[in-house]
Each structure stands twice: as structure tokens, then as C-alpha cells.
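Below is one structure, written out as C-alpha cells; comments come after it.
The values are calculated or read from the model by the stated rules, or taken from the named source; none is laboratory data. Keep in mind that what you see is a predicted model, and the values were worked out from it rather than measured. In this analysis, Cβ positions are derived from the backbone assuming ideal geometry, glycine residues included, and neighbour counts consider all displayed protein chains. Just so you know, the surface numbers come from the protein's heavy atoms only, side chains and all, with ligands and any DNA or RNA stripped out. Shrake-Rupley method; radii C 1.70, N 1.55, O 1.52, S 1.80 Å.
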Amino acid sequence: MPHRQMKDAPERHVVSKKPLQNSMNLHKSTSQKLQKCEVSMQEAKKFVGRKKGNGKGKGAQLEKVAVTEVDLDVGFPISSKGVKFHQRPGYGQAGTKCIVKANHFLAELPDKDLIQYDVTITPEVTSRSTNRAIISQLVKLYRETDLGMRLPAYDGRKSLYTAGMLPFSSKEFHIELIDEGDGTETGKRKREFKVVIKFVARADLYHLHQFLSGKRFDAPQEALQVLDIVLRELSSQRYVSIGRSFYSPNIRKPQRLGDGLQSWCGFYQSIRPTQMGLSLNIDMSSTAFIEPLPVIEFVGQILGKDVLSRPLSDADRVKVKKALRGVKVEVTHRANVRRKYRISGLTSQPTRELIFPVDEQMNMKSVVEYFKEMYGFTIQYSHLPCFQVGNQKKANYLPMEACKIVEGQRYTKRLNEKQITSLLKVTCQRPREQEMDILQTFYQNQYDQDPYAKEFGINISDKLASVEARILPAPWLKYHDTGKEKDCLPQVGQWNMMNKKMINGSTVSYWACINFSRSVQESTALAFCQELAQMCQVSGMEFSREPVIPVYSARPDQVEKALKYVCNAAVNKLKGKELELLLAILPDNNGSLYGDLKRICETGLGLISQCCLTKHVFRITKPYLANVALKINVKMGGRNTVLVDALSWRIPLVSDIPTIIFGADVTHPETGEDSSPSIAAVVASQDWPEVTKYAGLVCAQAHRQELIQDLFKTWHDPQRGTVTGGMIRELLISFRKATGQKPLRIIFYRDGVSEGQFYQVLLYELDAIRKACASLEPNYQPPVTFVIVQKRHHTRLFANNHKDRSSTDKSGNILPGTVVDSKICHPTEFDFYLCSHAGVQGTSRPAHYHVLWDENNFTADEMQSLTNNLCYTYARCTRSVSVVPPAYYAHLAAFRARFYMEPEVADNPISRNTRSTNGTSNGSCVKQLPAVKDKVKRVMFYC
């Protein structure tokens, strides 16, 4: 195969990270907890028993900062050793009892010794599949002799596990592996490896028994890992393994997603410690794979045109290179030889122009001639470029028409809208269908016949776990007294605005409209805006019927110019007064327009905006207008509804003393974005005792950093000396300004944290909360409840009887308010699953709440009811939502902030906004987000 020398240096990406420093000992914090809380509770006494009033009082002037005798150097805590999470305070009793099924299968613990061995393979191999092939060959050759009939389980890396000791403590093996990739005897490559297996440790199953029975609080991760690897071993051999899931085109027929992609069905599998014992959690999943097509057909699909008759343009080449770089292909021009290569690049010249040296005398030959002479293969489409395969020093040429994409390659880049829609159609299953698929997958995997499960003595029940659940009642909602319905009791997680008025309607006197849609006439746009204005009025707002200036039509590529023109024209018309609201009509497919508009409005102009798509302008419906009116009202500072219990001071551990509820989340860039920052967002309630209005702050931080760096921070100012700041501190001050009180209790809902990061996040972020409070007053330490919110888990709950309409909603899902805190939950810690929303389509996913730290001493009923009731206060719709609103708002704020980075490249509206550079307050090499204008930063997550 022809090759050429590659002189281009490899691209390098360097991200500098500031080392985290130790500054906190949570054990000290724990031992002083009661002492710290005492100060807050003394102040709290003056609030107990108060039933009326606006919550105004003296409070502490949080703006006047005293920082003496307080260590303000926030860093990374020393360790989690000795710190245990909050234990379950009991089980909930509230609500109507029922039975649900969960996709958990009881697994009986083995009574055998589990032994761990270290595996060293020389020469070192980075591919797990190759490692597995080596160990598989070793077991095949030596199981009956040197391995003493043991059947080991292997993790694909450094660890091998057996049920009982091997006949040796250390042994060296020599394994010959034949690469079958060529498919012919002459093409087979033989590789030799030295494998050293060495005893490491014995897994402590007694510890695991103690943990499951609640007698020990620290989970024995090693034993759990062994059992997990054992139960994954057979599936790892049968299927394509991605993360904790397995995929195969044989589980269900692949469906085309368009542009050369297809969906593969698969299943997630994990062993989990629960109250009922060990549980095998199985869930269905689907993801996108590259379709194993001839490469020319794939290229035709991604370009959307015939590529056989005309050369590729420069733009086409860039698109093809992006789509196929790193993809494995197999050659088709060598009869039975199916050698595989990974694509590293694409030539800038067509194949017919490519020549290369055939010997050291630099005699040249064309690629076309070479393939004809060497393989008898005539290149028909020589106008197309060649792939470059191999490394930078020696890259081979491979004609497109001689390649086929290797099956089983996951697509890791961003899907387009069409592909996402197609994938959602594949994954969207009704609960009954999903339950049947889970059971079918379980039976297909034949765990009862699994030789590895048998070897290790693991027995798994073949029935879904039957779990006791309770359905919490929906809370009463308060609306304005001038409406026909002053209050409302949602039915099955839903209600509407008919006969109701917003409890606090805002005022919009000065508004304008920009129309970016070519298909919408000015008169049509004006009529739509007036209909919307009327709906706002009917819903309880004061909303002017006429815009300040006539509807302005503009091109999408001139968004900044159009926005500035409208703002200036409005200011001139209003003689200095500012525009309050901008309505923007966007094309249905608007590319980067939406993000650009929000960035300019919210970081540049300080203008609140409401975007509407063209399809809604042409097809105006009252439910749509009512929904937009809700959004506009909260953006303008109003409130749509509040909990009746909040107004009547009846929410336990919220109504008694000034309480602030935080939500926090970090969103990370997509796979493949290796230099983009992560975005952290924190929101906090601002209207105690109602806890309905929130303010939010965002910041960029190091790539894939989960700990929120700017919760609290200090820096040196030449004039002022040591200065303190950060998102927690700023939101505490904001609460004080809004309510006249300082918070005497903190509830912190933290979204997006995986189990492996619980300790790290709790230690670091609780420390930051403590220091933010102490920076305001030396002895200010309100008690904190720290709750992790998880949506990315794999527990599903199904109705016990799908035919019983009284136990399901219209979609066949369990009823909103369904809560589970037994059997499938943690053996000792305070966690619960809550399905707070009604299903729309597919199978509802309950949110998982894990209370890691609780100085406020919530009972199970108090925490579950508070969380469920808050889910009915989400401002953007008349439905209960699936995640507690502060966590939801934090997620929306973090996602919105991705639009705030200045565009630098023109190809992807998301990835283009996230280039790294030097110099930020959090000490990482991350470009700071532009400041959000005060007028909009408190409402940006409502947009």
C-alpha cells in the first residue's frame, strides 16, 4: 500500500490546572455542629410562632462584612475518612400506600472466597478487547492445569478475580495471539505476550454482609466491584461494551437515524447494595452507531448528494474528514483479506493526482497504478480524495471505494436535530413495553446458566422486585383573589390557567418586537403580539397592547445590528426610558440565532427577551399563549402561583424561620470537546416564606471539573486587601436585601453528581458554604441540609398492574407523587426515589434524592413532602416537574451560559463558544463568562 512521510507536527492541547489545597477538616466542623447551630437557633426563636406579616425584621446587615478570625482560604478538604453520610431517620408514612415493580433483581451473595490477582501484560496493550483476547487464550490453554480448574473473571485492565485461590501466588505465562483481522492464513499476524499473574488480596465478603444488614456504614467497594465484574464477564464477550452498558445489533433490529448512523439497542447492568440485599439493576438503552456501509455510500449520506460523478469541494472535504477521523475501516479490494485501519486524515488532492516514492531512489508511482499492479484493483472514482491511515511519520493512502466501515463503532459526536428525533422515537417506550423488554433481556442473558455466575456462586432471582410505595398528595396552589378560581388542586400532576389569575402579575408598559422570520408578514407578527398581550392581561398582568415602535423585520445574520437599532429607537421614542421586554419571532430552524440573541440581550444590552417560533405565530393556540404569558410574568419579576401551605406558614422546617433553598448544577462539554470549560450555576430562593422566586449566578471553570469552584472565593485587592466573594455569598446578600432577613436555615439541592463523587463534592462544597456564611459574620453558621439530586440513574418504577387505570396516568406510568424509600434504596443512608411528574410519553424516570448531610433534622415525610410540593412551583408551565425546581433552574442557567461565550469559529453553535484561555478568578486556564446584566441575571433561567 502506498505511503508518504508526514511532516506535520501533532496538535497538542495543554490545559493548566491549579492544584487544590487542603484547608478544611470536616471532622472539626462535625464536632462543632451543635455549637455553630446554637447561634442561629437563638436568633430563630424570634421567628417561631409568627404566622402573619411580610417577614421583615432587623436581621443582620449582611452587606457589612466582618472577616476577622475566619479562615477564608477555600481549598480541597483533607479526606473523607471518618465522615459518614446522614443516616436514614426512619421511613415515610404519608400518602396512599401501593405496590410498584422496580427493574431490580435480587442477587444472593456467594459463600465463596473472592480472590484478586494483579495482571501484567508485556508488551503493554491499551485495548481492553485485546487484553481480554489474551486472557481468554490463557484460560483456554491453562484452565485445566496451571489454573486448577478455576474460571477467572477479568476487568480488561489490571485485575483478575477467582472464586478461591489459584495453585500459585505468582506465575508467568507466554501467550501467542493470532490476529484474525486479515481473514486468511497468509494474512494472519502472530503476536507474543508475557502475562504475569500475581496474588493481591482476598475480598472481604463479611464486610459486605455487615454493610447490607446495616451493621457497617462504609460500603466495601472492592467486593462489590468483583461481583459486578463477574456478572459482566459473559456480556463483555458477547456484546459491544460502552461504559456500563452493552449493545448489539441482535438485541433489536437497528434503526436508521440518517446521515450514515443507526441506533443499536442495548442494556445497562449494575450490581447495587440495597435494603433487600444485593440487587442486579437492568435497564434498556439505545445509542448511535456508525452504520457499517461502504465508505462512498456513507460519504454520500453525510453530504446529502451524489459523490460518484463530481469532485468534493473544500467544505465537503472538511465535513468528511470530521465525520470519519478516528473511524475504523476494513479494505474490500483484497479478496478474502479484510485488514482494518483507523482513518487519520484525508488528502487535499484527488486520488488521480497522488504519487509516492516506491524505493529509496525516490522513483515515483501513482496511487492508481500501484493498486492496479499490486492488487489488480481499478480505482473507478479517482476524482475523490484518499484516506490517510497509519501514524504521522508513515501514512498510507487508501482509496475511498476500497473501504467499508467496521461494524460496532459508537458515534461520539453531536447528533443533529433529525438524528435526535429519530433516536428518541426508538427509545420512547411505554412502561409495559419497557418492562417486557427488561424481562426479555434478563431471560436472554440466561444468568442462571452463566458459567461465571455459577463459578462464583451467585444466584439471581428472575422476577422484578416488588416494592412498597406511597403516593403523596398534590399541594394546593394559590392564585389571585380576583380570578374565578382563587386556589387550585392539581389533578394527576396537571392544571391550567382557565379562570385563574397570576398571584403577582407584573407590568409591561414598553415592549417591542423583532421579526427574524421571512415568512411572517409585519401585520401577522403584530396580530400575534397583540393576542399575546391580551393573554397576559387575562392572566393577571398589566401589559400594553401596542409596541413602542412598529414591528421591525431583520435578517438572522444581522441580529446584533437589529437589536441595537430597536433598543435605540425605543429609547428615542420613550425619551430616555428603557425598553422593558423584547418579543422575537424566530424561524423554526434558526441555527445559532437563538443563542446569539440571548447572549447579546443578557450580557450586552441588559434586555429581557421572549422568543417565539414561526409555527406558533401561524397556528396560535390559547394553551401556547398562556404558557408564554407564564414565562413573561416571571421574567418581569412576577409570580405565577405559590403553595397555599407557604402562605399559611405550614411548611415544616421552612416556614418557621427564614430559610433559603439553593439549587446547583455543573454542565460539562460534550464528548470530544477537550478544551471547553464546564459551566457551574447556582440559584437561590429570594422570597421567604413563599420560596417561589429564584435568583441565579453562573461561572465557567476547568474542563470537566465537577466541584463548583466559585461557591466561595477570596482574592487580594491593592486598596481593600483581602476581598471575599463567590456565588453563595452573593446570593445570601441578595436574599437579605429581598426579604429583610438573613437565612437561618440552608437547604442545598445539588444536581448532576455521580455516586463516586459524593464525598468529594460534599466535603468541598459544604466547606465553601460554611466559609461564605462566616465571611458575612464570624459566628454566622446556619444549619445546612445537603441533598444530591440524580436523574441519570437506571431505576425504573412500573405499576403493579398495568390494566388498573386507578394506579396509572394516561401514559400508563405510575402516578405523580409516587415515592419509594424502602427495599431498593440504600441499606442505611437517607435516600428515596420520587416520581413527581405525570408521564407524557415513554417511561417516566423518577428522580433519586440522597440526603448526604442534614443539620436540620428532617424526617422522611418532611423531606419527601417538601421536595414533592416544590415540584409544583416550577414557573414555566402548569405541570409538576420531574426534578425539584431549584435544581432544574440551575441546570437551565448553566445550559444558557454556554451561549454567553463569544463565538470564535463558525461551524458549531455550541462547541464554538467554549475555547479556553488564560486568567480567571478561579485560578484555572478558562475564559471567564461575560458578566450578565443585573436586570436579567435573576431571571435568565426562566427564559
In segment 425-435, is there at least one residue being under 30 Å from residue 862 (Cβ atoms), more than 28 Å from the chain's Cα centre (by Cα) and either surrounded by 15 or more Cβ atoms within 10 Å (Cβ to Cβ) or polar (S, T, N, Q) (or both)? no
How do the pairs read when you match residues in segment 539-558 that are under 16 Å from residue 514 (Cα atoms) with residues anywhere that are among the aromatic types (Phe, Trp, Tyr) and part of a loop (DSSP other than H, G, I, E, B), using Cβ under 7 Å and keeping only pairs 6 or more apart or on different chains? 548/510; 554/516; 556/516
Answer yes or no: is there a residue in segment 93-102 that is polar (S, T, N, Q), open to solvent by 30 Å² or more (accessible area, probe 1.4 Å), within 30 Å of residue 819 (Cα to Cα) and out of contact with any His (no Cβ under 9 Å at 6 or more places or on another chain). yes
Tabulated pairs, segment 228-242, first assigned to a loop (DSSP other than H, G, I, E, B), second among the hydroxyl-bearing types (Ser, Thr, Tyr) and crowded, with 21+ Cβ neighbours inside 10 Å, C-beta under 8 angstrom, 6+ apart or interchain: 239/247
Flagged in segment 778-796 as more than 14 Å from the chain's Cα centre (by Cα), modelled with pLDDT of 95 or more and open to solvent by 10 Å² or more (accessible area, probe 1.4 Å), in numbering order, are 781, 796
Looking only at segment 662-678, decide whether some residue is assigned to a loop (DSSP other than H, G, I, E, B), modelled with pLDDT of 95 or more and closer than 22 Å to residue 786 by Cβ. no
Any residue that is touching a Leu at 6+ places or on another chain (Cβ under 7 Å), assigned to a helix (DSSP H, G or I), at pLDDT 90 or above and not acidic (Asp, Glu) - is there at least one of those in segment 388-405? yes
Somewhere in segment 239-255, is a residue among the hydrophobic types (A, V, I, L, M, F, W, C), farther than 30 Å from residue 671 by Cα and open to solvent by 20 Å² or more (accessible area, probe 1.4 Å)? no
In segment 722-750, which residue that is open to solvent by 20 Å² or more (accessible area, probe 1.4 Å) and over 31 Å from the mean Cα position of the chain (by Cα) is nearest to residue 701 (Cα to Cα)? 722
Could you identify the single residue in 561, 575 that is out of contact with any strand residue (DSSP E or B) (no Cβ under 9 Å at 6 or more places or on another chain), open to solvent by 60 Å² or more (accessible area, probe 1.4 Å) and modelled with pLDDT under 95? 575
Which number in (1) assigned to a strand (DSSP E or B); (2) more than 25 Å from residue 278 (Cα to Cα) marks the one condition that residue 833 misses? (2)
If I go through segment 289-319 residue by residue, how many of them are surrounded by 16 or more Cβ atoms within 10 Å (Cβ to Cβ), over 21 Å from residue 345 (Cβ atoms) and among the acidic types (Asp, Glu)? 1
So residue 537 passes all but one of these: (1) open to solvent by 10 Å² or more (accessible area, probe 1.4 Å); (2) in a helix (DSSP H, G or I); (3) touching a Phe, Trp or Tyr at 6+ places or on another chain (Cβ under 8 Å); (4) over 21 Å from residue 625 (Cα atoms). Which condition number does it fail? (4)
Could you please let me know if residue 460 is modelled with pLDDT of 95 or more and open to solvent by less than 70 Å² (accessible area, probe 1.4 Å)? yes
In this structure, is residue 214 over 34 Å from the mean Cα position of the chain (by Cα), at positive phi and either surrounded by fewer than 16 Cβ atoms within 10 Å (Cβ to Cβ) or at pLDDT 90 or above (or both)? no
Could you identify the single residue in 121, 115, 99 that is in contact with an Asp or Glu (Cβ under 8 Å, 6 or more places away or on another chain), modelled with pLDDT of 85 or more and hydrophobic (A, V, I, L, M, F, W, C)? 99
What is the number of the single condition among (1) buried (at least 24 other Cβ atoms within 10 Å of the Cβ); (2) in contact with a His (Cβ under 8 Å, 6 or more places away or on another chain) that residue 664 does not meet? (2)
Quick one: which residue in 269, 275 is at pLDDT 95 or above and either open to solvent by less than 30 Å² (accessible area, probe 1.4 Å) or touching a His at 6+ places or on another chain (Cβ under 7 Å) (or both)? 269
Quick one: what pairs do we get from segment 134-146, first residue closer than 18 Å to residue 191 by Cα and modelled with pLDDT of 95 or more, second surrounded by 14 or more Cβ atoms within 10 Å (Cβ to Cβ) and not hydrophobic (A, V, I, L, M, F, W, C), C-beta under 6 Å, 6+ apart or different chains? 135/154
Go through the residues of segment 205-227 one by one and say whether even a single one is closer than 22 Å to residue 133 by Cα and assigned to a loop (DSSP other than H, G, I, E, B). no
Output the residues belonging to segment 166-182 that are open to solvent by 10 Å² or more (accessible area, probe 1.4 Å) and modelled with pLDDT of 95 or more. 166, 167, 168, 169, 170, 171, 172, 174
